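**Q** This is the structure I have questions about; it appears just below.
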Amino acid sequence: DIAPYIPGRATNDGGRPVVKLSANENPLGTSPEAKAAFAAAQASLERYPDPGATALREALAAAHGLDPARVIYGTGSDELLHLAAGAYAGPGDEAIYVRYGFAVYDIAIRRVGATPVVALDRDYATDVDAILAAVTDRTTLVYVANPNNPTGTFAPAAEIARLHAGLPSHVLLVLDQAYAEYLEPEDDDLGLQLVEAHENVFVTRTFSKIHGLAAERIGWGYGSVAAIDAMHRIRAPFNVTTAGQLAAIAAVGDTGFVERSRAHNRQWRDWLAGEVAALGNAGLRAVPSETNFLLVLFEGPVSAETAYKGLMDAGYITRWLPGQGLANGLRITIGTEEQMRGLADALRGIVG
Ligand code: PLP
C-alpha cells in the first residue's frame, strides 16, 4: 500500500524521503535576495500591507516596460483568474477554455454562475480554430494558458494574434502566462504587447513557478484601464502580504536566479524527454514542453496509473490526471539532477 502524501511533511509514514514533482515548483528553491526580503518583512508584522502594492507594481512595470497603473496583483495568479471571471462573466454568459486546461478556469467560471464551454485541443495543443468555433453571442471570456498546463505546449505569437483577431471586441481574452519565464526569449507570445494594443486582453503571471515563491501566493496581471478598474472593484483590499510584496520585488531584481533556473530546467527537461523517448517501445511518449514539467503519455501495456503508483512507491510524487480526462498521462515536474536520474531509474524499472 502507498502511504498518502501529507502536505507539509517531508517524509511519508515509512520514513522514506519523498520527492515532490507534482506541483511545478522550482527545484532550485528561491532567490537568496527574495528570502532576505521575506525575512526583513517581520519588522512590520503589526501593519497591514500596502493595499496598492505600489513598489511591486513599479518594479514590474520597470522590468517589463509597462504602465504601473495597469498592473494588478493577486493572492497567486489564481485570484486574478477569478477576478477576470467576476468582472466579465455571470449567469447566462459563456466562458471558453481548452480541453486539458488549467483546473481553475472551470471553477472560476462556475463560481460566478456562467457556463463553461470546452474547446477541443489538437494533439494536446491549443487549437485556435476550435476556440473560435466555440464562440457564440453569449461568450464573454476566453482562457488560454500559454504555455499550457498540464500539457506543456506553447502557441506562438502569430496563433495568439489570430485568436485575438477572431474574437468579438467585448470578449476578454485571458492569457495565463504562469510559465512564460521558462520560454526561450524568441518564443514570447507577445501577450503584453497585445494588452498595450487592445482593451480586451488580460495577461496573468505568477511568482510561484520560476521565482520559487509559491508559499507566499503572489501573482500579477496586466490589462486595460477598464479591465483593471473592474477587477479592483471586486478584489479583497489587502490581498497580497507584506512579505509577499517585498520578496516579489527582490525576485524581480534577481535576474541571475531566473536565468539559472531557466537553464537548469531546459537541460533536465531535455534530458528527461530523451529518457522517455528511449522508452518509446514500451508505449511512452512525452508531449513537447516549453514549461518546467513534462506530460508523459502511456500508450503501451503499462498504464499511467500503474506508473504513478510505482513511482509513488519509489518515493516520487507525480501528478496523474484522470480528473482532467488524462487518465493516460503523468505530469512530471523537472527537479534536480539527482531527482531526475532517480525518477528515470524508477520509471525504467516499472515499464522496462
Ligand atoms: N495558471 C497555470 C497555468 C498554472 O499552472 C498555475 C499553477 O499551477 C496557476 C495559473 C496558478 O498559480 P498561482 O496561483 O500559484 O500563481
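**Q** Kindly indicate which of Leu56, Leu66, Leu80 is crowded, with 16+ Cβ neighbours inside 10 Å and part of a loop (DSSP other than H, G, I, E, B).
**A** Leu66
**Q** Residue check: is Leu183 at pLDDT 95 or above, touching a strand residue (DSSP E or B) at 6+ places or on another chain (Cβ under 6 Å) and either assigned by TED's automatic domain parsing to the domain that holds Ala263 or not β-branched (Val, Ile, Thr) (or both)?
**A** no
**Q** Still on this structure: Before we move on, is Ala41 at pLDDT 95 or above and either under 24 Å from the mean Cα position of the chain (by Cα) or assigned by TED's automatic domain parsing to the domain that holds Leu192 (or both)?
**A** yes
**Q** Going residue by residue through region 305-328, is there one that turns out to be over 22 Å from the mean Cα position of the chain (by Cα) and outside any helix (DSSP H, G or I)?
**A** There is at least one residue in region 305-328 that is over 22 Å from the mean Cα position of the chain (by Cα) and outside any helix (DSSP H, G or I).
**Q** Got a number for residues in region 46-101 being at negative phi, of a type in the set (Gly, Ala, Ser) and in contact (Cβ under 8 Å) with a residue 12 or more places away in the chain?
**A** Total meeting the criteria: 14.
**Q** I've got another one for you. Mind counting the residues in region 1-38 that are at pLDDT below 95, among the aliphatic types (A, V, I, L, M), over 23 Å from Arg266 (Cα atoms) and not in a loop (DSSP other than H, G, I, E, B)?
**A** Counting residues in region 1-38 that are at pLDDT below 95, among the aliphatic types (A, V, I, L, M), over 23 Å from Arg266 (Cα atoms) and not in a loop (DSSP other than H, G, I, E, B) gives 0.
**Q** Answer yes or no as to whether Ala85 is within 16 Å of the ligand (Cβ to nearest atom) and farther than 18 Å from Phe207 by Cβ.
**A** Judged against the criteria, Ala85 is a match.
**Q** Sort out which residues of region 102-115 are within 16 Å of the ligand (Cβ to nearest atom) and either in contact with an Asp or Glu (Cβ under 6 Å, 6 or more places away or on another chain) or outside the structural domain of Gly90 (by TED's automatic domain parsing) (or both), and write them in order of number.
**A** The one that is within 16 Å of the ligand (Cβ to nearest atom) and either in contact with an Asp or Glu (Cβ under 6 Å, 6 or more places away or on another chain) or outside the structural domain of Gly90 (by TED's automatic domain parsing) (or both): Val104.
The values are calculated or read from the model by the stated rules, or taken from the named source; none is laboratory data. Note that the coordinates shown come from a computational prediction; the quantities given were computed from them, not determined experimentally. For neighbour counting, all protein chains shown are included, and Cβ atoms are generated from backbone atoms with ideal geometry for every residue, glycine included.
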